[in-house]
Amino acid sequence: MRLLVTGGAGYVGSHTVRLLAEHGHEVTVVDNLSTGHREAVGRVPLVVADLAETGLIRDLLRDRRIEAVLHFAAFKSVEESMRKPERYFRNNVCGSLSLVEAARAARVGLLVNSSTCAVYGEPARPPISESAVPEPANPYGESKLAVERMLASLDRAGHLRHVTLRYFNAAGAWPDGSLGEDWTGAQNLVPAAMRAALTGSTLRVFGADYATPDGTAVRDYVHVLDLAEAHLAALEHLARGGESCVLNVGSGRPASVRQVVLAVEAASGRGIRTEVAPRRAGDVAAIWADTSRAAAVLSWAAKRGLAEIAQSAWRWHSGHPSGFADTPGV
Ligand SMILES: NC(=O)c1ccc[n+]([C@@H]2O[C@H](COP(=O)([O-])OP(=O)(O)OC[C@H]3O[C@@H](n4cnc5c(N)ncnc54)[C@H](O)[C@@H]3O)[C@@H](O)[C@H]2O)c1
């Protein structure tokens, strides 16, 4: 298919772009490079533009006769969204509105949307399924939920069919270590632990007094290549006339901060020094996914575990200690 990928120079987008191209799709990336990297896109055509440029995106969709859009472009820091909510609503909500207006004008009616488990907030009893009532605990999650609701309205109006994928914590790298997450994502646990393993710096563990088995926060880490495969399956679902839906994409397996640190130590062969810091505002204690709906609708399930996440990420970070060429080093 002829595809437009927004945010394809970013972490999850670039891995998905590579997988789509390997499967013979004709991909164009649009990205403003606010957090993305030209190098991550490889040889796929990249148009440097902002989602807010509705007319430009409409023309791009028309000129390239695009059949479907995969929408990754957004800001994603929970911590920053607590301090600068306006920035998150403008980029994530207004940017997505601009995109769907462009799609409507260009008569493109299929969209795969990146959402997040942050729409759920603090689940009473994980694993959490899509039928849980969303209660975001931060403006980032609110902004992504607003986009989900907008897409549901467009579906009801017959304007757009979509698959919204609620990712849990994306982690890991292309298996041979040739593509991965830049240090700009280093507030996330896996790259932060990688940095500690590479440089000997101390890893800060935000909260060790949660009501979890070892006191540290529990998350669901899903390999970035599993996520990319979920996008491929979502696209195929839409292309064969499948209905709009919202699906969890996670590993379905809980992992604590301490378990991730152990996996990174095993993959790197190095010890990691940790120090306990106060909990971060907006963080929840424990969340992991019930992925049975994605299995039923897309025949998709995560194939890779924490060890493969840590091994692939270590290959990428140890082979690219300065990240992409256009960013400051480790
Ligand atoms: N990484 C995760 O763990 C995770 C978890 C849940 C959901 N998500 C969602 O997945 C998507 C991709 O996340 P990521 O981790 O790859 O983030 P990322 O920051 O690496 O990638 C986002 C990309 O979008 C681009 N972008 C941002 N705003 C733009 C705009 N207005 N116009 C054009 N380009 C713009 C950035 O330059 C970047 O290349 C986001 O929508 C995010 O909310 C990510």
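Taken together, the values in this text are just the output of simple stated rules run on the coordinates, not laboratory data. Note that this is a predicted model, so its numbers are computed, not measured. Heads up, the Cβs are rebuilt from the backbone with ideal geometry, glycines too, and the neighbour counts pull from every protein chain shown.
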Give me a comma-separated list of calculated 3J(HN,Hα) values for the stretch 303-309, in order, Karplus coefficients 6.51, -1.76, 1.60 applied at θ = phi - 60°, integers in Hz, x for any Gly or Pro.
9, 10, x, 4, 5, 5, 4
Amide H neighbours of residue 47 under 5 Å, counting only residues 5+ apart in sequence or on other chains, H built in-plane at 1.01 Å?
29, 30, 31
Three-way shape call for the chain based on the alpha-carbon gyration tensor, with the a/c threshold at 1.5:
prolate
Under 29 Å between alpha carbons, and skipping anything fewer than 8 positions from residue 84 in its own chain: which lysines qualify?
76, 144
Neighbour-count ranking [beta-carbon atoms within 10 angstrom, fewest first] of 23, 223, 317:
23, 223, 317
Roughly how tilted is helix 95-105, in degrees to the nearest 10 and between 0 and 90, from the longest Cα axis of the chain?
30
Along the stretch 176-183, what does the Karplus equation 6.51 cos²θ - 1.76 cosθ + 1.60 (θ = phi - 60°) give for ³J(HN,Hα), rounded to whole Hz, x for Gly and Pro?
7, x, 8, 8, x, 8, 6, 5
Quick one: grab the alpha carbon gyration tensor of the stretch 135-228, order the square roots of its eigenvalues as a ≥ b ≥ c, and give me rounded if a/c is under 1.5, else prolate or oblate depending on whether a/b is larger than b/c.
oblate
For the stretch 1-90, listing trypsin sites (Lys or Arg not before Pro) in a DSSP loop whose Cβ sees at most 12 other Cβ atoms within 10 Å gives 43, 65
For the chain, find the longest principal axis of its Cα atoms and tell me its angle to the long axis of helix 54-63, 0 to 90°, nearest 10.
70
Identify the trypsin sites (Lys or Arg not before Pro) of the stretch 107-176 meeting these criteria: DSSP loop state and at most 13 other C-beta atoms within 10 Å of the C-beta.
107
Among 50, 59, 176, 182, which comes first, then next, by fewest other beta-carbon atoms within 10 Å?
176, 59, 50, 182
Taking placed amide H atoms and a strict 5 Å upper bound, the residues 5 or more places from residue 135 or on another chain that come that close are 120, 121
Cα gyration tensor shape for the stretch 196-241, rounded if a/c is under 1.5, else prolate or oblate
oblate
Please order 77, 131 by the number of other Cβ within 10 Å, starting at the fewest.
131, 77
